[in-house]
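Asks: What follows is a single structure, and I will ask about it in a moment.
The values are calculated or read from the model by the stated rules, or taken from the named source; none is laboratory data. Note that the coordinates shown come from a computational prediction; the quantities given were computed from them, not determined experimentally. Heads up, the Cβs are rebuilt from the backbone with ideal geometry, glycines too, and the neighbour counts pull from every protein chain shown. With ligands, DNA and RNA removed, areas are computed over all heavy atoms of the protein, side chains included. Shrake-Rupley method; radii C 1.70, N 1.55, O 1.52, S 1.80 Å.
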Amino acid sequence: MTAAVQLEDVECVFGSGASAVRAVDRVNLSIEAGEFFTLLGPSGSGKTTCLRMIGGFTLPTAGRIRIGDADVTLAPPYARPVNTVFQDYALFPHMSLRDNVAYPLMVRGVGKAERVRKADELLALVQLPGLGDRRPSALSGGQRQRVALARALIGQPQVLLLDEPLGALDLKLREQMQTELKALQRRLGITFLFITHDQHEALSMSDRIGVFNAGRLEQVGTPPEVYNAPTTRFVAQFVGAANVLDGETARRFTGHGAAMLRPERIRIGGAEQARASGTVAEVQYFGAFTRVKVDTGGALLQADLPADPGTSAPEAGSAVHLHWDARAVHALAG
Ligand code: ATP
């Protein structure tokens, strides 16, 4: 089967000489048709540059990009079967919502009646039925983002590129839009390439995640693969909270040279058969769980204890014994 988007040894270097920035460093990636694929990584790791190269706004300095069967490496944005939703919505303030959504059809010379019909259909799809006559200024942030989404979808792109589209929304609205966006993608079956630096967003929405670090794609996998079996230390620490153990501590507690242990897999119990013992250095209350940092005399181990009104969390300074299942340990390379 042909991939929806394929990157082969794609590289993007800005500037030259000593001031050159290698924003994207030989990335290989194949995104399947109908997939919800997320590029996850910290600020400056190269996600946006990667997306811009797929959209045609930035040209790669090496490598090839294919969309479906077509090699689009050097094609201009309008000649690619993709569309982009940006974080800042980029709506035209002087136009009605209907005209904003219909704009791509107007540029293509589609007649007015057809434009109105399609725009109203798309506004209903993004749950803004009957609001076609309003101006963007009369909308909330979440509603504006929905209009931008409708406008990006009206041309029926093969691939929709979404650059931190929910970044400007408050947490509640963001969570609501995450659910809506995912449902919309399932319904339409369009390939979504989504960018975020928020690991929760990536884990909860994606079919697969590509984790970026310093211009390189460190791991590609399903959310459980990336979370449970990170291939690098960076992925272990960036996706979720992690205890990364090295050297003597790793050997003593896990039998490996380096290993990861998720805090929620650690429990506090009796001295018998404890895997580690130490003194509580810090206790942080988070509502759903309590984070306890234990000084094991060499390494600080973090345990996230589920909320349980029946028992109280240990206090700072108290001696505790830590337990975990052997399967909770994930060996890391060197
Ligand atoms: P963010 O989440 O902050 O948008 P990002 O992961 O999307 O970050 P990019 O915007 O792709 O990262 O940037 C990757 C690197 O390339 C950064 O070091 C950035 O400063 C640099 N960069 C991006 N665009 C340009 C440009 N036009 N000229 C020079 N350097 C650039």
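Asks: On a full-extension model of 0.36 nm per residue, what is the gain between D170 and Q237, subtracting their alpha-carbon distance, rounded to one decimal in nm?
Replies: That pair, D170 and Q237, stretches by 21.6 nm at full extension.
Asks: Charges on Cβ only, +1 for Lys and Arg, -1 for Asp and Glu, centred on the Cα centroid of the stretch 63-166; of V101, L161, A90, which one is farthest towards the dipole's positive end?
Replies: So the residue furthest toward the plus end is V101.
Asks: At 1.4 Å probe size, with the rest of the protein present, what percent of the exposed accessible area of the chain is carbon and sulfur atoms?
Replies: 51
Asks: Could you give the nm distance between label points at T279 and F14, where each point is 7 Å from its Cα heading toward the beta carbon?
Replies: Those two pseudo-labels are separated by 4.8 nm.
Asks: Solvent-accessible area per residue for the chain at a 1.4 Å probe radius, Å²?
Replies: 47
Asks: To continue, here is another question. Quick one: order D198, D25, D69 from most to least accessible surface, probe 1.4 Å.
Replies: So, going from the largest accessible area down, we get D69, D198, D25.
Asks: Sticking with this structure for a sec: Which value, in debye to the nearest 20, gives the size of the charge dipole of the stretch 5-237 about its Cα centre, when Lys and Arg are +1 and Asp and Glu are -1 at the Cβ?
Replies: That gives the stretch 5-237 a dipole magnitude of about 600 debye.
Asks: Same structure again: What does the charge add up to near K47, with Lys and Arg as +1, Asp and Glu as -1, over the other residues with Cβ less than 14 Å from its Cβ?
Replies: -4
Asks: Less than 15 Å Cβ to Cβ from R265, Lys/Arg counted +1 and Asp/Glu -1: what total charge do the surrounding residues give?
Replies: Counting the neighbours of R265, the net charge comes to +2.
Asks: Modelling each spin label as a point 7 Å along the Cα-to-Cβ direction, I'd like the A79/T222 distance in nm, to one decimal.
Replies: It works out to 3.9 nm between the two label points.
Asks: Which residues in the stretch 138-182 have a backbone N closer than 15 Å to a point placed 7 Å from the Cα of A33 along the Cα-to-Cβ line?
Replies: Residues passing the 15 Å test: 157-160.
Asks: For R151, what charge total do you get from the other residues with a beta carbon under 15 Å from its beta carbon, if Lys and Arg give +1 and Asp and Glu give -1?
Replies: Local net charge: +3.
Asks: Report, in listed order, any pair from K47/K172; K47/K293; K118/K182 with a Cα-Cα distance greater than 30 Å.
Replies: From K47/K172; K47/K293; K118/K182, over 30 Å: K47/K293.
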